[in-house]
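Chemist: Here's a structure for you.
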Amino acid sequence: MQGGIELKSLKADKILDVKGEVCPYPVVMARKALAAMPPGAILLEITDHTISTETVPEAVQQEGLAEVLGIMEEPAGVYHIYMRRQ
Amino acid sequence: MSPIVLGGIFGFIYGFLLQKGDLCFVSAFRDWFGFGTTRVLRGIAAILIVAILGWGLVLTAGWAPLSRLWIPSFGYNSLLGGILFGIGMTIAGGCASGTLYRCGMGYVHFWITLAAMGLAYLVFGYTFDPWVADYWFKPLRLWKPFTFYTTFGIPYILTSVIVVLLLAGLMTRNLGLTGWVDVLRESLGDLVRPWQLLRKKSWDTRLVGILIGLTVTVHFALLSAWSITTSEARISVLLVKPLVGEDAIGSNTYFSEIFLGYPQLQLGAGEVLIIFMIIGAFVASVLGGVFRVRPPKLTRVPNAVFGGFLMGFASRLAPGCNVANVISGLAGLSVHSILVSVGIAVGALVVSYYLYGGRLVRPWRIGMGA
């Protein structure tokens, strides 16, 4: 997890709460949301699926859909993934 | 040391390591097909490389008999059962081992998956004789058990080395020697800080792979080949024993078959291993601060129920799950398990294609790099 304070100050254009979802839905839903957003817009995905902290960044970066700005854990076991649409 | 205690120890280690690496076979196949990443696949490859060499050594040294290998008869059932298993696990979102370690992490979704698998074992038991036996195994399971260890008449360890070289060659097609050195240095570097490592949220999948490969080898030398779903089927039978009675279980062809060699209808080393896999994953997730009771998304409960049921039933049809086949079976160089493993990959590919809206990358390009 990185840049907790800076990430918190970011204003997300869209918040996607996918707590309770397991693979591959956090990836599928992040892809779909990003595809509908304009370049530069920020997507915040909130997940409690640990492996999504690896798979979501891998998927969106691999496809050039978004830049991952960072991941913040709050509270324990809940992850906030910040992505900027490219 | 008694087999029960050994089962508990090995189960704890497997659960602990699988959680630390978040090493789920569904993720390995689906993410490779879906967006070309091999983070988890690298861990599985590391398990295989260490286990194949380890088992070859164990067999050559005579620390375990050849009969300890899991080499079932094989046929079209192997491939078809593997495909159905791959479809089931990808729908459920977790393989047999992935379901267990996530139960330990507090995922209610995977407790439902596990319950559905348990139900599937019971349904299989009641449909085995005569239907499944007559209409599935009789026409499809055509050939006798076969392992490459005994094919060439050379020492077992030499066969292992040849297979590993072929496997490593395939995996390093996109990676030079430097890549391999980096892989080992990165993975093993973490081991010098054990306390920090225990509290670390997640471990490099290659490190986890190497450690599981070593555990699988010691497990094979001291006790048995690692498997999951047959033991889970025994636990399911024991859970319904108070309801149906011991006689009903004894008169069932399949249930009495899976308890063959058991002095009584009770937990054995394999079943204790399953329970301790969940406990090991629980301890690992608490130490790493990632344990959390995770309520399921109601819209995904059908995935857990249907995927879990299909995965459980298919594990009996193949037979064997991802662990028995992709790990123990491949380390045993069993033709049955090669076919099941191919089937599991095909099943995962089919469902991934649907889940990712028809967009898949080139799954034939295997990379071991970061």
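Chemist: With a 1.4 Å probe and every protein chain left in place, work out the accessible area per residue of segment B:102-217 in Å², rounded to a whole number. All intermediate terms of the calculation are to be shown ahead of the outcome.
Modeler: Values: 6200 Å² over 116 residues.
Heavy-atom accessible area per residue stands at 53 Å².
Chemist: Starting with the highest mean, order B:159-167, B:311-319 by the number of other Cβ atoms within 10 Å, averaged over the residues of each peptide. Present the calculation step by step, with values, prior to reporting the outcome.
Modeler: Working: B:159-167: 16.8, B:311-319: 27.4.
Result, highest mean first: B:311-319, B:159-167.
Chemist: Right, another one. So in the protein assembly as shown, what percent of DSSP beta bridges are antiparallel if you round to the nearest 5?
Modeler: The answer is about 75 percent antiparallel.
Chemist: Give me the compactness ratio for segment B:1-45, meaning the Cα radius of gyration over 2.2 N^0.38 Å.
Modeler: On the way: Rg = 14.1 Å, N = 45, 2.2 N^0.38 = 9.3 Å.
Working it through for segment B:1-45, the quotient is 1.51.
Chemist: Can you give the calculated 222 nm mean residue ellipticity of chain A, where each DSSP H run of n ≥ 4 adds -39,500 (n - 2.57) and the sum is split over every residue, rounded to the nearest 500 deg cm²/dmol? Don't jump to the answer; show the numbers that get you there.
Modeler: Numbers: 3 runs with 27 residues, N = 86.
Calculated at 222 nm, the ellipticity per residue is -9000 deg cm²/dmol.
Chemist: While we're on this one: Taking the alpha-carbon distance from A:Lys19 and a cut-off under 15 Å, which aspartates and glutamates remain once sequence neighbours fewer than 8 residues away in the same chain are dropped?
Modeler: A:Lys19 reaches A:Glu45, A:Asp48, A:Glu73, A:Glu74.
Chemist: Please turn the phi angles of segment B:94-107 into ³J(HN,Hα) values with the Karplus equation 6.51 cos²θ - 1.76 cosθ + 1.60 (θ = phi - 60°), one per residue in order, whole Hz, x for glycine and proline.
Modeler: My calculation for segment B:94-107 gives x, 7, 4, 6, x, 4, 5, 5, 7, 4, x, 8, x, 7 Hz in order.
Chemist: For chain B, just the Cα atoms, rotate onto the principal axes and tell me the three extents in Å, largest first.
Modeler: Taking max minus min along each principal axis of the Cα atoms, chain B gives 61, 53, 48 Å.
Chemist: Taking the full set of protein chains and a 1.4 angstrom probe, give the accessible area of B:Ser97 in square angstrom, rounded to the nearest 10.
Modeler: Approximately 0 Å² for this residue.
Chemist: If you take the accessible area of B alone, add that of A alone, and subtract the area of the pair, what total do you get in Å², probe 1.4 Å, to the nearest 100?
Modeler: Working: alone 16180 and 4800 Å², together 18540 Å².
Accessible area lost upon association: around 2400 Å².
Chemist: Ok, one more. Give the dimensionless ratio obtained when the Cα radius of gyration of segment B:75-123 is divided by 2.2 N^0.38 Å.
Modeler: 1.22
Chemist: Pop out a list of residues from segment A:6-39 that are at least 40 Å² less accessible with all the protein chains around than in their chain alone; 1.4 Å probe, no ligands or nucleic acids counted.
Modeler: A:Gly20, A:Glu21, A:Val22, A:Cys23, A:Pro24, A:Tyr25, A:Arg31
Chemist: Measuring with a 1.4 Å probe in the full set of protein chains, what accessible area per residue, in whole Å², belongs to chain A? Write down the numbers at each step before the final one.
Modeler: On the way: 3570 Å² over 86 residues.
About 41 Å² of surface per residue is accessible.
The values are calculated or read from the model by the stated rules, or taken from the named source; none is laboratory data. Here the structure is a predicted model, which means the values were calculated and not measured. Because the Cβ atoms are built from the backbone with ideal geometry, glycine has one as well, and the counts that use them run over all protein chains shown. Heavy atoms of the whole protein, side chains included, go into the accessibility calculation; ligands, DNA and RNA do not. Shrake-Rupley method; radii C 1.70, N 1.55, O 1.52, S 1.80 Å.
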